[in-house]
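One structure below.
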Amino acid sequence: MVKIIPGILEQDFSVIQQKVSLVKPYVDMVHLDIMDGDFVPQTTFRDPAQIATLDIRLGVHLMVAHPEFSVKKWATLANVDRVFVHEEAVTNLDEVVKQVRSEGKKVGLSINPETSVIGVKEHIHMVDMIMIMGVEPGQSGQEMLPDTFEKVREAKKYFEKVLVVVDGGVTMANKKRLVASGADELVANSAIFDAPDIKAAIEALAA
Ligand code: DX5
Ligand code: ZN
């Protein structure tokens, strides 16, 4: 069964707390978007000391420039299980992997729509997960780009040892096709938090 991970992209810590409490009864992990206004124009709340107080397991999606300089402060947080960095932002993936693994955490490589799956084949053996962006990073509620399905298929076919995660544009209408293409995990923000019934939305996405 595909794993559904609620995505949270917010400026305000109290909203992050609220969203965590809304989904906590139904999931064991959330995906927290971190944006620095540099790798992407937008920013999010990004104070690790406060984020460390959230009572749920976290996957942190770093949409930041030069993640080698900030990855450690995320990987050390006790509630962070995994950290994703972007292929387009990282200059020293070795260093990132070393820092994340030294904390006993998992590391994922995210790829933007313009980055091909085959383009990261030299890096993939170093990481635990590949995260295929279904949209340009920066905001939630965008429509999934049609190439995403083929990229998921390629990732599943070429990279047998990594989990294939999809982030951005996941909906009730496309989740079946993503799973059929080989997705192991789906991150969903608006499809969950804009739904009238959060529990029903999570269950329906997973079904
Ligand atoms: C985009 C973020 C996504 C986003 C997903 O930059 O990385 O995680 O919040 O939002 P939806 O599911 O609404 O496309
Ligand atoms: Zn994300």
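Numbers at a glance
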| quantity | calculated |
| --- | --- |
| Residue satisfying all of: in region 58-69; away from ligand 1 (no atom under 16 Å from the Cβ) and in contact (Cβ under 8 Å) with a residue 12 or more places away in the chain; surrounded by the fewest Cβ atoms within 10 Å (Cβ to Cβ) among these | His66 |
| Number of positions in region 88-100 that are within 16 Å of ligand 1 (Cβ to nearest atom) and either assigned to a strand (DSSP E or B) or farther than 24 Å from Val166 by Cβ (or both) | 0 |
| Restricting region 35-57 to residues that are open to solvent by 70 Å² or more (accessible area, probe 1.4 Å) and among the acidic types (Asp, Glu), the residue that is nearest to Trp74 (Cα to Cα) | Asp55 |
| Matching residues, region 101-128, being away from ligand 1 (no atom under 14 Å from the Cβ), under 19 Å from Leu178 (Cα atoms) and touching a residue at least 40 places away in the same chain (Cβ under 8 Å) | Val117, Ile118 |
| Candidate set from region 152-168 (those that are of a type outside the set (D, E, K, R) and more than 11 Å from ligand 2 (Cβ to nearest atom)); member that is most open to solvent (accessible area, probe 1.4 Å) | Tyr158 |
| Test set (1) of a type outside the set (Asp, Glu); (2) farther than 20 Å from Leu62 by Cβ; (3) open to solvent by less than 70 Å² (accessible area, probe 1.4 Å) - Met131 fails condition number | (2) |
| Failed criterion for Val80 (all others in (1) open to solvent by less than 10 Å² (accessible area, probe 1.4 Å); (2) under 27 Å from Ile198 (Cα atoms); (3) within 13 Å of ligand 1 (Cβ to nearest atom); (4) not small (Gly, Ala, Ser) hold) | (3) |
| Top-ranked residue of region 27-47 - restricted to ones that are over 14 Å from the mean Cα position of the chain (by Cα) and under 17 Å from Ser190 (Cβ atoms), ranked as farthest from ligand 1 (Cβ to nearest atom) | Val27 |
| Cβ-Cβ under 7 Å pairs, at least 6 apart or on other chains, region 25-38 side without any contact (Cβ under 8 Å) to a residue 24 or more places away in the chain, far side within 14 Å of ligand 1 (Cβ to nearest atom) and open to solvent by 40 Å² or more (accessible area, probe 1.4 Å) | Gly37/Thr43 |
| Positions within region 1-34 being more than 25 Å from Ala200 (Cβ to Cβ) and either crowded, with 19+ Cβ neighbours inside 10 Å or hydrophobic (A, V, I, L, M, F, W, C) (or both), in sequence order | Phe13, Ile34 |
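Here is a yes/no grid of residues against (1) among the aromatic types (Phe, Trp, Tyr); (2) more than 14 Å from the chain's Cα centre (by Cα); (3) within 20 Å of Val40 (Cβ to Cβ):
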site	(1), (2), (3)
Val96	no, yes, yes
Gly134	no, no, yes
Gly141	no, yes, yes
Ala155	no, yes, no
Val166	no, no, yes
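Residues are listed down the side, and each one gets a yes or a no for (1) more than 16 Å from ligand 2 (Cβ to nearest atom); (2) part of a loop (DSSP other than H, G, I, E, B):
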position	(1), (2)
Glu136	no, yes
Leu145	no, yes
Glu150	yes, no
Val170	no, yes
Leu178	no, no
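The values are calculated or read from the model by the stated rules, or taken from the named source; none is laboratory data. Quick caveat, the model's predicted, so the values are computed rather than measured. For neighbour counting, all protein chains shown are included, and Cβ atoms are generated from backbone atoms with ideal geometry for every residue, glycine included. For accessibility, only protein heavy atoms count, side chains too; no ligands or nucleic acids. Shrake-Rupley method; radii C 1.70, N 1.55, O 1.52, S 1.80 Å.
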